[in-house]
Structures are given as structure tokens and as C-alpha cells.
1. Expressed as an acute angle from 0 to 90° and rounded to the nearest 10, what is the orientation of the C-alpha long axis of helix A:100-120 relative to the principal long axis of chain A?
2. Calculate, in whole percent, how much of the Cα-Cα pair population of the range B:85-152 lies beyond 14 Å.
3. Take every residue in peptide B:41-50, count the Cβ atoms of other chains within 10 Å of its Cβ, and give the average of those counts.
4. May I ask you to derive the FRET efficiency for B:K171 and B:E263 from their Cβ-Cβ distance with R0 = 45 Å, giving the value to the nearest 0.05?
5. Ignoring ligands, DNA and RNA and using a 1.4 Å probe, state the total buried accessible area between C and B in Å², rounded to the nearest 100.
6. Report the local net charge at B:N114: Lys and Arg +1, Asp and Glu -1, summed over other residues whose C-beta lies under 14 Å from its C-beta.
7. Let me check something: with ligands and nucleic acids excluded, how do C:K267, A:K32 order by accessible area (1.4 Å probe), largest to smallest?
8. Give me the distance in nm between label points sitting 7 Å out from Cα along the Cα-to-Cβ direction at C:A161 and C:L311, one decimal.
Amino acid sequence: MYSDKVMDHFMNPRNVGEIENADGVGTVGNAKCGDIMKIYLKVEDDVIKDAKFKTFGCGAAVASSSMATELIIGKTLDDAWNISNKAVIEALEGLPPVKVHCSVLAEDAIHEAINDYRVKKGLEPIHVEHKDLHGCEEE
Amino acid sequence: MKRLVYMDHAATTPTSTEVLNEMLPYFTEKFGNPSSVYSIGRETKSAIEKAREQVAKVLNADTNEIFFTGGGSEADNWALKGVAMANAGKGKHIITTSIEHHAILHVCEYLEKNGYKVTYLPVDKDGLISIDELKNAVTDETILVSVMFANNEIGTIQNIAEIGKLCREKKVYFHTDAVQAVGNVPIDVKEMNIDLLSLSAHKFYGPKGVGALYIRKGVKIQQLIHGGGQEKSRRAGTENVPGIIGLGKAIEIACLDIQGHAERLIKLRNKLIEGLIEKIPHTRLNGHFEKRLPGNVNVCFEFIEGESLLLLLDEMGICASSGSACSSGSLDPSHVLLAIGLSHEIAHGSLRLSLGEATTDEDIDYILDVLPKIVERLRNMSPLYEEYLKKGGAVNV
Amino acid sequence: MKRLVYMDHAATTPTSTEVLNEMLPYFTEKFGNPSSVYSIGRETKSAIEKAREQVAKVLNADTNEIFFTGGGSEADNWALKGVAMANAGKGKHIITTSIEHHAILHVCEYLEKNGYKVTYLPVDKDGLISIDELKNAVTDETILVSVMFANNEIGTIQNIAEIGKLCREKKVYFHTDAVQAVGNVPIDVKEMNIDLLSLSAHKFYGPKGVGALYIRKGVKIQQLIHGGGQEKSRRAGTENVPGIIGLGKAIEIACLDIQGHAERLIKLRNKLIEGLIEKIPHTRLNGHFEKRLPGNVNVCFEFIEGESLLLLLDEMGICASSGSACSSGSLDPSHVLLAIGLSHEIAHGSLRLSLGEATTDEDIDYILDVLPKIVERLRNMSPLYEEYLKKGGAVNV
Ligand SMILES: Cc1ncc(COP(=O)(O)O)c(C=O)c1O
Ligand SMILES: Cc1ncc(COP(=O)(O)O)c(C=O)c1O
Ligand code: FES
Ligand code: FES
């Protein structure tokens, strides 16, 4: 079902945990749907110095969060913003079709965390299209 | 070699060697078409009739009340659609429960689209329906009550004899999906007043792709599969001879000492349940504590999600399931867990461990060693757990 | 040991050892439920997908157009009922032929009882339908044409590509029951414009109780068996894993050298046909002489009755059938033989000998030696024959 890469990131997730006094925190998803993803950022000079995550969700959700944190660490906020769920899927060497939304969660979580940082800095949050593909989202 | 602990007997069981050996000659040597006149056809015909007797005996039915099908789902579809269509003249109301297998629920939805009315009885927190509610639901239009014998997810066993008695009094047909019960719980269709009963061989160490429907003599039912004259012109198609032979042998073996078999499993099951509740905080047992399949354990671990749990268990060689095997891959939590009153959140963290012939006491010890660590690991990455701790939840670690 | 000459391959074939060996591990070791998350479930899942590819390749279909069923009859029922119900909005007219298998004809009768109109196309003396008659039968209400690829009794092969072309032009779905054709005749669903196609493993050295329906992408069809999410939620029920593996392997083997296989059989078949006509007076070949299944011989011997013939043949170790295996035991003469214009009287004296892998040249010699004597013996006790002789019939003995 899952690629070796997904299983690797699921079995040995990178950057699990929280960052005390994080510069930005993004939480997306919904426990009702069986997935919540939380990403913490440490930012210096518009560069993501560190990222950590906590995820309640399936194997794909855990692997997507792990991969997402790897992809954004060391990137500028602008570059990190532009990391799409497709990039996460590619880096994971594919996800089953029913699991694509798990990677969307990762993209959304990055956006949320960056916007949280911006708001804390007194900047306007960047507008995001609502991308979440959840069928079970609360009406 | 990696240790393999198969704890998903409710999803399917291996075909036992004894059963397979019985089947083998019917593939290559005794392969005649049972409908033929010549001897190699007649010999498969009588082997099928022997299997029919084996099934009838175990259920206390008559041989000519047993019809072989391509599995449990076909039997369920046949029972419901067949009775609904043949008795539409009397009425178009069917009563079932909210915790049936999809092979019943999706047929009910289909019937609803085709002009039938279906009442889905709720269940209590243990998964039991109320006889009073059933009684109140029956109207002049009711033609069929379908209540599963034992639930595939939470293992709860209904009060089938009581339901049967009520249905007989009310003169409505009573079907029970006994796919999980056969081979685990004694069944007597006469004493329990069952009119139709579905079963599937691969749940009791027989082969996949073969099942049976018991139809009490006199029950009005239409065919599901039309065609040739097989199964007394009620279920067309060249008979799955090896499969039917296997089903017969498997049901015979499973019911030889059904009591002893159950006692052994119940002991292991209870040890597992008690161990999990003791070792893992925020764990809840789903289903009735006593009216429960001998091999069924179903628990929810708060703050974690089922699929991740299954993957980590698989890494440790433990095969288990979360909700019914049929719906894994879908995102909705199990309808059964929601029906017994669990929140979506908690239902997502469910785990079913189903024990069987191969399960040993060492397997239980192994699970009780491995599972708490896995749950802890997942909780440590769960934002829900983090939140819970921050809110000052008294976690009794 | 008594000589056994199995000449009923059209009724069923033995599962070949090669196929059985492929299946065996899936009973006892690789028994995981394909819907499960853990590795022993995933491994059966990918084995099923491999079988799906094997089927798709042979038919020139896409993998996701192949759906496994519990046999040929289920596939036929699904195709007809499923298309009829899903397209009732467009129209309620179906066209089929008068020589279909009961798995089609009885479904059509069922549909007629439920408000559909069915046209049964006649066939000529060779068993072929007329394309012009088909063209004329299509109306605005027509949703489906179902014409069998090759007939199970007389072996006649229809002009499937022509029929497919017409249906595509007329924008009606085209289903073909290819249960007898698969493994014997090359099939290309794209080239032949086939929308749905039924097949059954036990006709080509695979196991009984498993078949498949090809459904072209985009065809509107309802489910026949509702329930779990198997087969992309289109055919519920735990998959018959060993059966499906067997079907895949068997179809692959059968189609490796379909031409060579056919040529060998055609030679033996023609020798048998010519020998019988030469040696037994008042013998008539049924079915088309050339557009005919490689292994099919169907003849009528005047003045005698089929069942007696079968019993005497069985005594000599020859397994054969008279009409379709499904209707033997019934008293009506074959609807197929009546449809090609035979009188009841003559139709009762029909014999089908169907050749297969195991058939040798010596078998043909043996039959050509034994059968004339049996026919003579029966004729000598036939009052019809006596009458005929008295009327001075010129019997060329
Ligand atoms: C032409 C034809 N269609 C359908 C069937 C039914 O297939 P099965 O017996 O596998 O259900 C058969 C064989 O019996 C057949 O010959
Ligand atoms: C309660 C119940 N009913 C019906 C079925 C369907 O049986 P099968 O998968 O053999 O079609 C199952 C098993 O999947 C089951 O557990
Ligand atoms: S988190 Fe929803 S299925 Fe992966
Ligand atoms: S003579 Fe026996 S069936 Fe008619």
C-alpha cells in the first residue's frame, strides 16, 4: 500500500515533538475525521531554522508531516510557503489516491504555521484557498 | 524469521490442512460436473449432498433447506432481496439494526431506493438491540426482520432465540447473518425460530468464496442468480465443488467440540482484555463483556488513530484490524462504534484483535508486551494527547 | 482399470495441476484478507491484481475493467440485471437470442416479469443470428444487446465483431456471454467493440466457482451483490483468493498458444465428425460446420433418445452430454436444438462430445469404434426405427 519511503518516514519519523516558545504554530485537521496535524516553527531572519510536528492520523499523515518538516527546514519562509502537497507526495515517492488529502494537510499546516508567525510579527496573513479535501469536515 | 501473530480471525481464517486435503481430489480427479449423468459427475453430486448434510446437521436444519452460495455477502443479498421481492405483495417494510455488516446495510439502502421502507434499530452501549423496540417497530407491512447473530467488529451476540420467538409470533420472517457466529456459538435454527441464516466458509477454516443460505422450508423467496437448474433451481451456476466439500468438512470440524473450543478462546480473550485495560490507561472495551464472541477483543485507545496502530503492529508481526476489514481504506470511522455511542474521535482509535485456532498463551503475552509500547509511542506524537496533558489531565502512567 | 474418455469439456474441465499448484499456497499460508493493512493481506491483494492483469491482457482490456465473480452465471446475471436497472431511464428493451444459456434466458424472463421487453432473435439452421434482423430489432428503447460468443451446445460462433460494430453505431451496450469461447477463440474486446463479457474459470482448466465480468470503462451498471468495498465497491464479498489466482493462471496458459491448441482440437474434431457421419446412418451434425468451437461435436442420431445413449456410453467409460449439462434431468429437449429447426423427436437423440486438452487420437478411434455399436443397439430397440424400416426407409447400413 505504502512506498518504502512512506514507511521509512512513518516508522522513523523525523522531527517529532514540540518547540517551546515556537515562532509559529499551525494546527489543521479535525479529530472527528481522524486526523490532526500540528507544525511548530523556529524562524531566524526569515529562514526556518527548525521545525517539529505532532500528528494524530494515519500512516500517510505521519509520513507527510515528517517529510514536510524535512523539506522546510533551512528554507526561507517564501520558499517554504511554496512547497505544495504534490512536492510532499513526490518526496515520499507516492501516496495511494485515498491518502492524497493527508499530504494536503501537511501543506495546510505549513501555511497555518507561517501565517501564525506573520501575525505574531504584525504582518498580514497570506490568504489561502481552502484546499482541504476532507469529506468528513464539520459542516 | 519474524514472529507472526495472526490476530485477525474475524476477517478471515486460513483453510485448515484437513479441510484442504478433503478438497484436493475434487480439483483434478473428481472434477465431473455434478449435473451430468455419467459416473464422475454423479460422484461429485453425492459429495455435495454429503456437505449439505454436514451443514444441516450443525444447524439442526433439513438437508433440503441448505443452499450453497459464493460467500456470505451473496447469502445476505439473496436473503434480503429475495424475501423483499417475493413478499412485496404482503408489505414493503423491513427491520434491521444499525450495526449490521455492509452486506446487509448496503442491500437495505438499495431496497430503500426501490420502494421499501427500512427501520434501523439502535443498539445500547454494549451493542444489543432492545426486544421491546423491535416489537414496537413491527407493523402490518413488515415482512422481514434481519438481525445479525454476532457482530463482526465488537463481537456482541444478540438474543437470537428471543428475537426468533417474537418474529414467529408476529408472523414475519427472521433472517440472521451468522457469518461470525457459525463455528463459534451453538446454533439451532428450529429452537431459535430462524427462517433464514447466512454463513461463509472462510470464517471457520474453510475456503474463501463459498457460503450457504439456510432457507426454512416454506419461506417465500426469489432467486438472486437465475440460470441453470443447480441447487434445486434456486441458485444457478456450476457448483464450486471443492469449495462446497471444504465448507462441509470445515463446519463439521468447527462444531465437533464447539464448547471446548470456545472455552479455550474465552480464557485467552479475557486475559488479553484484562491485560490491556490494566497496562494501557485510557483504554475502553467495546461490546458486551459476556455476550461476546469467544475470540473477539475490541478496544479503543484514546488520543491515537487506528491505521498507524495497525502499521506499527504489523512491523512487530501482529496482524490486526481497526473496524471491519471491508471498510479499511475509507475515512469514516466504523458505523458500529458510532452506533454504540462512541465519538468520532475515540472511534478512530479502535483496534480489533480476533483470536482463533492458532492463538497461544505466548501470543497473548507477546501482545501485552508490545502493544503498550506502541500506544505510548503514538501518544507521544499525538497533538491530542499533548493537549490533554496540558489541560492537566490526570494521566495515571 | 476401465478406460475413461472424458468428452464433456464444455460442461467442465479438470483444474490443471499447474493451475492448482499456483493456488495452493493461498489456502493455508498466504491466506490474509486482501482488504487488510498488514503484509499478509497486502500480498494476497497484489496476487489478485496480478490475476486481473492476466485476464485483461488476454482480452485486450484494461485491468480496471475486470471484476471477479462467483462464476459465469453470476457474471451473466450481473451484466443483464445491472445494465437493465442502471439504464431503465433510457429504455427498457433488451435484445438477445433464442439460443442463449439459461443464465441469460432465465434472467431475461425475470426482467420481463419486471417490466422489461425482450426480443429473442431467431437463428438459422447453423445457429447464426442475422445481422439485419438484429439491426431491425433495435429501437429507441433498446439499452442492451446480449449475444453469446459461442454456443455451449452446438458450438456455433457468432459474428461478434459485426454485432459489436452495429451496437456501437446504434449506441446500445453489447454484452457477450463468452463462457465457452474464452481459451478457445481469440478475443479482443476493443477491436470487437464489446462492452461487457462474461467468463468462467472451470471451462478453461481453472477452478469451479469463480468467473469474471469485463465491464468497459464508462458502462453504466448497477451492482448485483452489495456490501463491502471489494472489487472497487462493485462486487462485494471477501475475494475467493485461490480461485482468482487459479483463474488468472488458467487463462494465461489457455491463451499462450490459442492457435496451436485450436488447430490440434479441430483436427481431432473433424476426424470424429466425419467418422460418425460415415459410420452411422441417419446422423446429422448440429451447428455451423466452420464457425464452430474447436472442441465441439454435436450430432443427432435419429430414432434414439439421448439419456439412454449417455448411460451406455458411460458404461464404456465415455463421458458425454446430451444438450446442456444444466438441463439434463429435465424432460424438455434442448431449446437450442429446437431453435435451429430440429423436431422434438430428433432433438431428443442429440449427443454432445466436447474435446479438450486430454483428448487423444486414440480416444477418437475408441469412440468411433464404440459409438456405432451403441447406436445400433438402441435403434434395434426403438419402435420409431422399426416403424421407419417398415415404411421401407432405405437404410444404408
Ligand atoms: C455459455 C454459458 N454461459 C454460462 C454458463 C454458466 O457458467 P457457470 O456454470 O460457471 O456459472 C455456462 C456453463 O455452464 C455456459 O456454457
Ligand atoms: C457479519 C458478516 N457478514 C457478512 C460478511 C461477508 O461475508 P463474505 O466476505 O464471505 O462475503 C462478513 C465478513 O466479511 C461478516 O463478518
Ligand atoms: S490523515 Fe486522514 S486518512 Fe490519512
Ligand atoms: S421416458 Fe423416462 S423421461 Fe420420458
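The values are calculated or read from the model by the stated rules, or taken from the named source; none is laboratory data. Please read these numbers as outputs of a predicted model, since none were measured by experiment. When we count neighbours, we look across all protein chains shown, and the Cβ atoms used for this are built from the backbone with ideal geometry, even at glycine. With ligands, DNA and RNA removed, areas are computed over all heavy atoms of the protein, side chains included. Shrake-Rupley method; radii C 1.70, N 1.55, O 1.52, S 1.80 Å.
1. 10
2. Working: 1282 of 2278 pairs.
Cα-Cα pairs in the range B:85-152 separated by more than 14 Å: 56 percent.
3. Details: counts 8, 1, 0, 2, 0, 0, 0, 0, 0, 0.
Other-chain Cβ atoms within 10 Å of each residue's Cβ, averaged: 1.
4. 0.75
5. On the way: alone 17380 and 17430 Å², together 29860 Å².
Rounded to the nearest hundred, the buried surface is 4900 Å².
6. On the way: positive: B:K81, B:K92, B:K113, B:K117, C:K81; negative: B:E109, B:E112.
Its environment carries a net charge of +3.
7. Working: C:K267 165, A:K32 70 Å².
Ranking C:K267, A:K32 by accessible area, largest first, yields C:K267, A:K32.
8. Each label point lies 7 Å from its Cα, and together they span 4.8 nm.
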